[in-house]
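**Student:** One structure coming up, written as C-alpha cells, with questions to follow.
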Amino acid sequence: LQRDAKGQYLFDLLCHHLNLLEKDYFGIRFVDPDKQRHWLEFTKSVVKQMRAQPPFTMCFRVKFYPTDPAALKEEITRYLVFLQIKRDLYHGRLLCKTSDAALLAAYILQAEIGDYDPGKHPEGYSSKFQFFPKHSEKLERKIAEIHKSELSGQTPATSELNFLRKAQTLETYGVDPHPCKDVSGNAAFLAFTPFGFVVLQGNKRVHFIKWNEVTKMKFEGKTFYLYVSQKEEKKIVLTYFAPTPEACKHLWKCGIENQAFYKLEKSSQVRTVSSSNLFFKGSRFRYSGRVAKEVMESSAKIKREPPEIHRAGLVPSRSCPSITHGPRLSSVPRTRRRAVHISIMEGLESLRDSAHSTPVRSASHGDTFTAPGRGGRTESSERVAVIADENYSPADSVLPTPVAEHSLELMLLSRQANGAPCSIEEEKESEAGTPVAGEAEDAGGELRALCPGAGSLGAAQAEQVNKFVLSVLRLLLVTVGLLFVLLLLLIVLTESDLDTAFFRDIRQTPEFEQFHYQYFCPLRRWFACKVRAVVSLLIDT
C-alpha cells in the first residue's frame with residue numbers, strides 16, 4: 001500500500017479478490033495496541049488510522065447484517081454472511097434455545113460434510129465438531145439426529161440458505177456486542193441490529209428500540225446516552241457506561257453508522273453528527289457509505305454469471321475453525337473443550353470486574369421497557385424477553401484479535417502446512433493472542449496490509465495535540481463570529497436609517513438611548529479623531 005492509500009482502495013481491492021459485488025454489508029476491522037476494536041474508515045488514509053507498527057493485521061467481517069439474508073442476490077454474498085453467522089454461533093454471540101441451536105448446527109454439518117453416510121460417519125461423529133462455546137452430549141445427539149433424518153439431499157447452498165433463514169428469526173441475529181454497565185452497576189451488552197438498538201442482560205433482552213424511535217446518540221467520556229421518543233410523546237434517556245472512553249466512542253460511531261444504514265432512504269440524507277451540543281467540543285463523525293435501501297436496489301440490477309465458490313479450499317479462520325479440513329476433523333475430547341470454555345468464561349468475568357470495578361450512577365436513566373418486536377412477531381406481556389437457555393457471554397466481544405507477531409504466526413503457519421492439527425486451546429489463544437493471516441476468501445480470514453507507519457506512541461501524542469488545537473480553533477472561530485455579528489447589529493442600530501418595528505422598539509428603550517449618547521457617540525468621535533490624525537500624518541509624510 002502507498003502511504004496515502006485510503007481505506008476505500010484497500011476494501012475495493014479485497015472485494016475484487018473475492019469477486020464480491022454486494023460489498024456494502026462488509027467492512028474491515030482492526031484492533032489497536034490497547035485492544036480496542038475499530039472499523040476501518042474508507043475516507044481516511046489506512047496508515048493514519050493505525051497506531052501500531054507495520055505489518056498490520058485486519059479482519060474481513062460483516063459490518064451491516066442484511067435485514068433478510070435469504071434475499072441477497074448472489075450466492076457468494078450469502079456464503080460470506082453464512083461464514084460470519086457461523087462464527088457468531090461459535091463465539092456465543094448468536095444465542096438461542098437448545099432446539100434452535102441443534103437445527104443450526106445440523107445445517108452447518110449438511111453444508112460442509114454433505115449427507116449422512118454410516119461408512120464415513122460413525123456413532124458420535126457430531127461430537128468431533130465445535131459449533132458453540134460449549135456442548136452437551138444431549139445436544140450432540142440431537143444435532144446428529146436432525147442431520148441424519150431431516151436434511152438428507154440438501155446441497156451446500158440450500159443448507160446455507162436454510163441456516164440464514166433460521167438465524168434471521170433469532171433475537172440476537174446481527175448482534176455485535178459492546179460490554180457496558182448500566183446505572184446500577186449491572187453488566188450488560190449493547191448492540192445495534194438491522195431492526196434497532198438492543199440491550200442484553202443475562203439470558204434476557206431487556207430493551208429493544210426500533211430505529212425510528214431513536215432520536216439521538218451521544219457520548220461524554222465513558223458515558224453513552226441514547227435518546228428515545230416513543231408513542232404519546234414519551235421521551236426516555238438510556239445511560240450506560242463503557243470500560244474506556246475509546247470503547248464509548250467506538251460504540252457511538254457504530255450506532256451512528258447503523259442508524260444511517262438501516263433508517264435512511266437515501267445516502268444524501270446523511271448528516272455529520274457531533275457527540276456534543278457545543279460546536280467546538282466533542283467528536284464529529286459522518287457515515288460515508290450507501291444505505292440499505294440503495295444497496296438492495298443496486299443488487300437487483302446485478303446481471304452476471306454466478307461466481308464460482310470454493311467452499312472446501314478456503315483457509316479456515318483461526319478464530320472459527322472450519323470443519324471441512326482434514327486435520328481439524330480430529331476428535332477433541334469433550335472434557336478438554338469444557339475446560340477451555342470454563343477458563344475463557346473465568347477470564348471474561350475477571351476482565352469485566354477489572355474494567356468496571358467502580359460502578360457509576362446517574363439519575364438520567366429511563367424506565368425499563370421493551371418495544372414491540374420486528375415484523376409480525378408477537379411480544380409477550382413480560383417486560384423482558386428470554387432469548388436462550390444460558391447466559392449471554394460472547395467470548396469474542398471482550399477478546400478481540402490484536403496485531404499479529406511474526407514468531408507465533410510463522411510457527412502456526414508451518415504447523416498447518418505440515419498437516420499438524422491445531423487444538424481448541426491453540427484456537428482460543430490465537431483469538432486472544434495473534435491470528436494467522438490467511439486467504440481473504442473466508443469471511444473470518446485475516447488480511448495483512450504492509451505499509452509504512454509511525455510509532456504508536458508518537459501517533460497517539462500527535463492525535464491528542466491535534467484534537468486540542470482543533471478545539472481551541474473552533475472556540476476562537478465561534479467567539480470571533482459572535483463578536484462580528486454583534487458589531488454589525490450595533491452599527492445597523494446606530495447608523496442606519498432602517499425603520500422596522502424590531503429596530504424601532506430597541507431604539508426607543510431607555511437603556512439603548514443611554515448607551516448611544518453616553519458611550520457610543522463619544523467612542524465614535526474618538527475613533528474619528530484618531531483616523532483623521534493618522535490620515536493627516538500620512539499626508540504630511
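The values are calculated or read from the model by the stated rules, or taken from the named source; none is laboratory data. Note that the coordinates shown come from a computational prediction; the quantities given were computed from them, not determined experimentally. Glycine gets a Cβ as well: all are built from the backbone with ideal geometry, and neighbour counts include every protein chain shown. Accessible surface areas use protein heavy atoms only, side chains included; no ligands, DNA or RNA. Shrake-Rupley method; radii C 1.70, N 1.55, O 1.52, S 1.80 Å.
**Student:** Using a 1.4 angstrom probe and counting only protein chains, how large is the accessible area of LEU161 in Å², to 10?
**Tutor:** Approximately 40 Å² for this residue.
**Student:** Note the full-extension length gain between GLN8 and THR541 as 0.36 nm times their separation in residues minus their Cα-Cα distance, in nm to one decimal.
**Tutor:** 185.6 nm
**Student:** Further question on the same structure: Using a 1.4 Å probe on the protein heavy atoms only, what accessible surface does GLU308 show? Give it in Å² to the nearest 10.
**Tutor:** For GLU308, the solvent-accessible surface is approximately 140 Å².
**Student:** Here's another thing I want to ask about it. Rounded to the nearest 20 Debye, what is the dipole magnitude of segment 481-526 about its Cα centre when Lys and Arg each give +1 and Asp and Glu each give -1 at the C-beta?
**Tutor:** Numbers: 4 positive and 6 negative charges, 36 e Å.
Charge dipole of segment 481-526: 180 debye, to the nearest 20.
**Student:** Okay, next question. Taking the Cα centre of each part, how many Å lie between segment 19-96 and segment 457-532?
**Tutor:** That distance is 50 Å.
**Student:** Another question, then. Roughly how many debye, to the nearest 20, is the charge dipole of segment 39-118 about its Cα centre, given +1 on each Lys and Arg Cβ, -1 on each Asp and Glu Cβ, and no other charges? Before the final figure, lay out the partial values.
**Tutor:** Working: 11 positive and 9 negative charges, 139 e Å.
That gives segment 39-118 a dipole magnitude of about 660 debye.
**Student:** Among LYS128, LYS235, what's the order by accessible area (1.4 angstrom probe), most exposed first? Before the final figure, lay out each step's value.
**Tutor:** Working: LYS128 75, LYS235 165 Å².
I get LYS235, LYS128, largest accessible area first.
**Student:** Here's something else I'd like to know. Considering only DSSP states other than H, G, I, E and B, which GluC sites (Glu not before Pro) in segment 86-191 qualify as loop sites with at most 15 other Cβ atoms within 10 Å?
**Tutor:** Details: sites: GLU112, GLU123, GLU137, GLU140, GLU145, GLU150, GLU160, GLU171; in loops: GLU123, GLU150, GLU171.
Passing both the DSSP loop test and the Cβ count: GLU123, GLU150.
**Student:** Please compare each pair in LYS210/LYS301; LYS218/LYS293; LYS23/LYS48; LYS231/LYS253; LYS181/LYS263; LYS35/LYS249 to a cut-off of 18 Å on the Cα-Cα distance and tell me which ones are over it.
**Tutor:** Details: LYS210/LYS301 29 Å; LYS218/LYS293 25 Å; LYS23/LYS48 24 Å; LYS231/LYS253 26 Å; LYS181/LYS263 27 Å; LYS35/LYS249 14 Å.
Beyond 18 Å: LYS210/LYS301; LYS218/LYS293; LYS23/LYS48; LYS231/LYS253; LYS181/LYS263.
**Student:** Set the Förster radius R0 to 41 Å, insert the Cβ-Cβ distance between GLU150 and LYS263 as r into 1/(1 + (r/R0)^6), and round the FRET efficiency to 0.05. Show your work: numbers first, answer last.
**Tutor:** Numbers: r = 38 Å, r/R0 = 0.93.
Efficiency for this residue pair is about 0.60.
**Student:** Compare the Cα positions of THR239, SER283, MET296 along the charge dipole of segment 176-309 (+1 at Cβ of Lys, Arg; -1 at Cβ of Asp, Glu; about the Cα centre) and return the one farthest towards the positive end.
**Tutor:** Projecting each Cα onto the dipole axis, the largest value belongs to SER283.
**Student:** So for segment 481-526, taking the charge dipole from beta-carbon charges (+1 Lys/Arg, -1 Asp/Glu), which of GLN508, LEU482, LEU523 sits furthest toward the positive end?
**Tutor:** So the residue furthest toward the plus end is LEU523.
**Student:** Rounded, prolate or oblate: which one fits segment 481-526, using the alpha carbon gyration tensor with axes a ≥ b ≥ c (rounded when a/c is under 1.5, else prolate when a/b beats b/c, else oblate)? Display every interim value, and only then the final one.
**Tutor:** Numbers: a/c = 1.69, a/b = 1.08, b/c = 1.56.
Note, shape of segment 481-526 comes out oblate.
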